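Below is one structure, written out as structure tokens; the observations come after it.
Read-outs: derived from the displayed coordinates by stated rules, not from any lab. This structure is a prediction, so every number in the text was calculated from the model and none was measured. Positions of Cβ are generated from backbone atoms using ideal geometry, with glycine treated the same way; all protein chains shown enter the neighbour counts.
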Amino acid sequence: MICPKCQNEIPDESVFCPNCGYQLGESDFTNTVSKGKISLNILFFIIGIVCAVIIIVILIAVNSTPAAKYNKAEDAFAAGNYERAIKYYTAAGDYEDAQEKLAEATIADHYAKGIEFFGKEEYDEALAQFKNAAGYENSDEMIKKCNYARGNLYLEAGDLLSAAEEFKAAKGYEDSNEKILDIGREYVKNKDYETALTVFGYVKGGKNDEYAQYAQGMISFNNKKYAEASAYFEKAGTLFDAEGLYAESVYNNAKSFMDSQEYTSASKLFIKISDYQDSSEMSNACILLSAKKNMEEGNLNQAKKELGTLPDNFSYNGTNSADLITKLNSISNWIGLCGQWSSTTGLAESNCKARNYYYDGGTWTHDIEKGDYKLDIKCRLNDDGSINLSGNGSIFVFTNWSTIQIGLKYNISKSISFDKKVSASDFGTPLVIDDYTTITLSAKGIELKYKETDNNSVTSFIYTYTTKVTFGTLSNTY
């Protein structure tokens, strides 16, 4: 210990200082003992700290293992604390199925947040969370609910198109489809037909709604597509002015056909709306003009039939039905010949004879059967009372003669085509139509004769090719 007086070190058991003779008292011994105790306490304190650190290190080491982190993640997931679960599953790395559980916890966290946002009517945030949790629990249904709720908010704000888009995304949730149709109808009422059709298209079959039909009708009508417009307005029924627009569309469409000389189509359309304006008269006008056109084209039977449906002495733009009927009656015999004729009998021959002495090499023949050949006949009236007779068809003709059958040549479909001006009195008399062919038209039918002579002076023989065909069956009238 230290001498209190001279400050020199002396033995602990001394009762006086050997250096200065200072008498040591009891208190000096007490101080010494106390200092010893203090040193011991410090030692114990240090030991305690070291032990605590060791324990903490051990605990940290134990809790830092992947297994510990995985277990903590499991506890957090079970408690619904998905953010904490995500943290520990992430820290667990590849331990067991930590990565799979991490993915599940992440989705569950999105779902839980979606539920929370939805409860607070924060639908945008809720929708984003549910989309991230698609397929989990009832997330898909909640997505529809969010879209439906968002649609109602847009609807309340007057943003109809955005509302319709949200209801479309709701995919039939509750009355979302009906609300889409209501929005489409509102656009029709506001005459925004293009947008209306866009909205109606959000619902399967939406464009069949009468409002959608009306909208499509208006778009077609404004684009002068009257055939389309009339079809749409007819389906729109009595909505707004659909009935009047239907009649107007049909009328305009009929006028278009009339302007392009499609009189039959025009007449049928005018008849459909006979009570509209002058449609009834216009229908008759189309029939009259069609009859006149058919007479010009040689369809006399059709013209006669059409004129028979008109009121007596009906006139339009300088054309009078009575005048046309008079013209037809003047050539009534010819009218019965206008049409398509079929062959009933016929015979083709190929013959050889000597030029300067008697020799007949014989005749090859070919029978023409019923229906083998067709001949079209048309008659067009001229202002001077004459007739333009035209015909088109084909026949069988030989083109050579041979001593043996295998050497024969022939044309099985020689074209017969003519356009000849005749008079009414030529009915029943043979008419020359080319160098080899004559035709006779009578009440019994049509007889066509073909004759070609090969009189080549280089040879000693004359070859004659003839064909006679009777067309006795009228299969179609013109």
Exercise for review: With label points built 7 Å along Cα→Cβ from the Cα atoms of E96 and T319, find their separation and express it in nm.
Suggested key: 9.6 nm
Study note, to complete from the structure: Largest-first semi-axes in Å of the equivalent ellipsoid built from the Cα gyration tensor of the chain are 118, 39, 15
Review point. Measuring from label point to label point, each 7 Å out along Cα→Cβ, what is the D259 to R355 span in nm?
Key: 6.9 nm
Check your understanding: Given a Förster radius of 41 Å and the C-beta distance between D75 and I47 as r, what FRET efficiency does 1/(1 + (r/R0)^6) yield to the nearest 0.05?
Key -> 0.70
Exercise for review: Bin width 10 Å, alpha-carbon pairs only: give the P(r) of the stretch 335-477 as whole percents, running from 0 to the bin holding the largest distance.
Suggested key: 11, 38, 28, 16, 6, 0
**Study point:** Computed lengthening from E281 to K370, 0.36 nm per intervening residue step minus Cα-Cα distance
**Key:** 27.4 nm
**Study point:** Spin-label proximity, N411 to the stretch 363-383 - amide N less than 16 Å from point 7 Å beyond Cα toward beta carbon
**Key:** 374
Point to revise | Loop sites in the stretch 272-357: trypsin sites (Lys or Arg not before Pro), DSSP, at most 15 other Cβ within 10 Å | key: R355
**Study point:** Efficiency of FRET between T473 and E194 - r from beta-carbon atoms, R0 51 angstrom, step 0.05
**Key:** 0.30
Point to revise | Inter-label distance for A67 and E452, nm, one decimal - labels placed 7 Å from Cα along Cα-to-Cβ | key: 11.0 nm
Practice item. At a temperature of 20 °C and a viscosity of 1.002 mPa s, determine how fast the stretch 76-201 diffuses translationally according to Stokes-Einstein, using the Kirkwood radius over alpha-carbon pairs as Rh; express D in µm²/s, rounded to the nearest whole number. Key: 132 µm²/s
**Study point:** Spatial separation of Cα centroids for the stretch 73-127 and the stretch 328-400, in angstrom
**Key:** 96 Å
Review point. Which number do you get for Rg(Cα) / (2.2 N^0.38 Å) in the stretch 316-355?
Key: 2.41
Check your understanding: Roughly how large, in nm² to one decimal, is the mean projection of the convex hull of the alpha-carbon atoms in the stretch 85-333?
Key -> 22.1 nm²
Check your understanding: Using a Förster distance of 51 Å, how high is the FRET efficiency between A424 and T363, based on the Cβ-Cβ distance and rounded to 0.05?
Key -> 0.85
Review point. How much space per residue, in cubic angstrom, does the convex hull of the C-alpha atoms of the stretch 199-303 take up?
Key: 107 Å³
**Study point:** Sum of -39500 (n - 2.57) over DSSP H runs of 4+, divided by residues of the chain (222 nm, nearest 500)
**Key:** -16000 deg cm²/dmol
**Study point:** Rule-of-thumb Rg ratio for the stretch 251-356 [Cα; 2.2 N^0.38 Å; N residues]
**Key:** 1.61
Check your understanding: How much length is gained on full extension from T326 to K171, taking 0.36 nm per residue of separation minus their Cα-Cα distance?
Key -> 48.7 nm
